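Q: Following this message is one structure expressed as structure tokens.
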Amino acid sequence: MSLLKNVGTIGSLTMVSRVAGMVREMIFSRVLGANEVTDAWFQALIIPNVFRRLFAEGAFSAAFVPMFSKRLHSGEGGAQDMEAARTFSQDVISVFVPVLIALTAIFEIAMPGVIWLLADKPVNPASFDYSVDFARIMFPYIFLVSIVTLLTGMLNSVSRFGPGASFPIILNLVLIGTLLYVETTGSGVEAMGYIVAWAVPAAGVLQLAWLIYWAHKEGFRPRWITRPRLTPEVKRLGIIALPAAIGGGAYQINTLLQVYFLNQLDGSNVSWMNYADRLNQLPLGIIGIALSTAILPSLSRFIGANDTNGAARIQSNAIELGMLLTIPAAIALAICAVPFITIIFEGGRFTAEDAAMSGGILAVLVMGLPAYVLVKVLVPSFYARSDTRTPVYAAFAALAVFIGFNLAFLQRFGVEGVAAASAIGAWLNAGILYAVLRLRGYYRADWPLIGRIARQLIAAAAMGAALYYMQGYLADYYSAGLFARLVAVGALVGCAALVYFTVAFVIGAVRREQLKAFTRKREPEAS
């Protein structure tokens, strides 16, 4: 398998999705701004997203993909056994669908209590009602997108990465169209919030139709309503997924607690954090998630063949590629945080003061970006070995640091302190994962890799210095017209790329032969 090719496929489609998401947030900020309605809207969207990431994209994928892939390639000589794979997936679906229906029903009933737990210190009745209504409208999205994730895992197992990487684009396009429509209606912010909320489950229906189409093309035609079959393999899937769910739960609890802590502070903190995190998530999604998705099948095959050298090579390549792209992204976003937020989001109901607040949050938040990517790259080494427990301990250690920091310093550092706590926890998480891999003899970064990462830091520092001096000359362009903003962002990004990659090539942070190694196909050797 070509690591760079698969990362390129996933990353390019993820980039389209993230850019579409950026456009969505740009329109959202101008149409709805940052206020109690947007705080309620973003808070409501977080709830189904937490369960999507926890059960669907996290624990379920981590357990399902290796098990499904094993059955798919269980034929003689490793040949595909479609019937075994179909049977396994059908058994999983027969249990998965009723569980999702029950989960959705429970949360629809209990939603006022859920929102109350996340509410601010004196509960604002209007904001509370908005949050409950928006969450009830949007929560069925978890049912739809969970089925989408199951189909994505099946397609990824046959190296069909495109459909799964592209389905988020549909949500963004639907929301963009809805936002453009509501702006023409002349409705108030409250009415527009309700209309945009209904667009979320509507997009989920379209995403499900998209994945069903591609699954049928690959020969997977599952039946969605069948009698539950709790087979030994389905039970094993649950046993493997449970620790991953608990571990993923640490991160998702972190997300919910972040909302809670933000609600303890004055101001539209949930909205400001959302806009800042949108830029933070751009490189994380393009680089971290793409690498994580691409290397899991490769690591599973190498480890299954007892090829430890091949697995270590994949791990090193993923770390090097991830840091090559993430380190400069983090430094550029930190230095140009306010200019980027101003260029992208300021306008309409989103003011210069809102941009300054979001920019300050972003500058702190991105300090954890390389660590988030490292976590995404290191966790598959545990999942490929059916070890879903170790990431649990690392994730809960990071959660404990996040909670402790905010309990001690929330009122002192405010919203920037919440961002700092997230970054510190991410670095602790990554450090624990690497230490365990090294202690168990699974993986150890060699000196050439460490040397290239050190050179990447030098190149990124040179880029940061250039951006620091350049941003002042473009200040008049940041909040000007569209063309001026495009000129400003093009100049900043172009300067960053030119300086970083020029210095990186000169000092040996990236080499042509290493890029060839990323694309060279290697097959696992039989043990």
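The values are calculated or read from the model by the stated rules, or taken from the named source; none is laboratory data. Note that this is a predicted model, so its numbers are computed, not measured. We place every Cβ from the backbone using ideal geometry, glycine too, and count neighbours over all the protein chains shown. Heavy atoms of the whole protein, side chains included, go into the accessibility calculation; ligands, DNA and RNA do not. Shrake-Rupley method; radii C 1.70, N 1.55, O 1.52, S 1.80 Å.
Q: At a Förster radius of 25 Å, what calculated FRET efficiency corresponds to the Cβ-Cβ distance of Ala397 and Thr502, to the nearest 0.05?
A: The value I calculate is 0.05.
Q: Could you pull the accessible area for Leu428 with a 1.4 Å probe, rounded to 10 Å²?
A: Its heavy atoms expose roughly 70 Å² to the probe.
Q: I would also like to ask the following. Extension gain Thr308-Ala110, at 0.36 nm per residue separation less the Cα-Cα distance, in nm?
A: That works out to 66.5 nm of additional length.
Q: Counting only protein chains, not ligands or nucleic acids, how are Arg440, Arg221, Arg136 ordered by accessible area (probe 1.4 Å), most first?
A: Arg221, Arg440, Arg136
Q: Now for a separate question. If you average 1/r over all unlike Cα pairs in segment 277-378 and invert the result, what Kirkwood radius do you get in angstrom?
A: Result for segment 277-378 stands at 14.9 Å.
Q: Same structure again: In square nanometres, what is one fourth of the surface area of the convex hull spanned by the alpha carbons of the chain?
A: In nm², the orientation-averaged hull projection of the chain is 23.9.
Q: Also, I was wondering about something else. Charges at C-beta only: +1 for Lys and Arg, -1 for Asp and Glu. How large is the resulting dipole of the chain about its Cα centre, in Debye rounded to 20?
A: On the way: 39 positive and 30 negative charges, 375 e Å.
Here the size comes out at about 1800 debye.
Q: Also, I was wondering about something else. Between Glu218 and Val23, what is 0.36 nm times their sequence separation minus the Cα-Cα distance? Round to one decimal in nm.
A: Details: separation 195, 0.36 × 195 = 70.20 nm, distance 3.24 nm.
Stretched fully, the Glu218-Val23 segment lengthens by 67.0 nm.
Q: In square angstrom, what is the accessible area per residue of the chain with a 1.4 angstrom probe?
A: Working: 21820 Å² over 527 residues.
That works out to 41 Å² for each residue.
Q: Shifting gears a bit: What whole-number distance in Å separates the alpha-carbon centres of segment 466-504 and segment 368-395?
A: So the two Cα centres are separated by 35 Å.
Q: Using 7 Å Cα-to-Cβ label points, what is the Leu180/Leu482 separation (nm, one decimal)?
A: Each label point is offset 7 Å from its Cα along the Cβ direction, giving 1.0 nm.
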